[in-house]
Amino acid sequence: MRYRTGRAVTIAVGMAFGASIGLASAASLNLVAHNLTPYRTCTVTATPVATISVIDAGVRQANATSNFGNVTSLDIASGNGANRRTYLRFDLTNCVPAIPASAIVRLATLRLYLTAVPAVCRTIDLFPVTSSWTELGITWNNQPFGTSINNPPTASRTGSFDVGTPVGCQNRTTGAYVVGGTITSDVASFVTGGASNFGWMLRDDVEGSATTRTVTISSKQLGTIAQAPQLVVTYVAVP
């Protein structure tokens, strides 16, 4: 009888201990689940053609007073007197739901559709623009960064990607969105209000090449959704 009683006590204790572990485990699981914060993504796409949520334009050194805000493709080129730059701006207020100022931006990427790449690997620099500009008014002569080539300096870029056909270059083929183009810190500043959103300027890392080298991307004026410029922002909405 003592043996059986002892066994029953042992079983009872074991069951109680197991139940305690089960409750503790359940409590832990509930706690973890409660603290999970979902990531959210906002994609701002340059469509339709008439949208003002995205504006894009090109400026050309050889046509210094002409505007290229209504063209179907945009160039970033390095050449002797033939440098070209691209300006882009995405209105983040079009995100639904709105990105709160308290949000933590985990990743922000420009998606630009390549239609022509140079025979050599070129680095394209991304610079946040520091003053306003208009799609149908910007020219080489009145652009926010001025007319001096290789300005702003490379050291002030906030992102970059490589384009060209040689093996090892980051983006080697046409008919695809570029890999790279990460501008997370810029978008984070726009969201918190630490900086004003005037978009970005893209230029060749070394302007003024003896041989002209050109990268071409589709603009919103092409009207093709599958090639439209995009800004993709992944963030965590912090209460």
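Overview of values
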| read-out | value |
| --- | --- |
| Order of I99, I52, I76 - criterion: other Cβ atoms within 10 Å of each residue's Cβ, fewest first | I52, I99, I76 |
| Charge tally in the Cβ shell below 9 Å around C169, where Lys, Arg are +1 and Asp, Glu are -1, C169 excluded | +1 |
| Dimensionless Rg/Rh of the range 39-236 - Kirkwood Rh, Rg from C-alpha atoms | 0.94 |
| Dipole magnitude of the range 56-212, debye to nearest 20 (Cβ charges: Lys/Arg +1, Asp/Glu -1, about Cα centre) | 120 debye |
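Each value in this text was obtained by applying a stated rule to the coordinates, not by laboratory testing. Because the structure is a prediction, the values reported are computed rather than measured. No Cβ is skipped: glycine too gets one built from the backbone with ideal geometry, and neighbour counts run over all protein chains shown.
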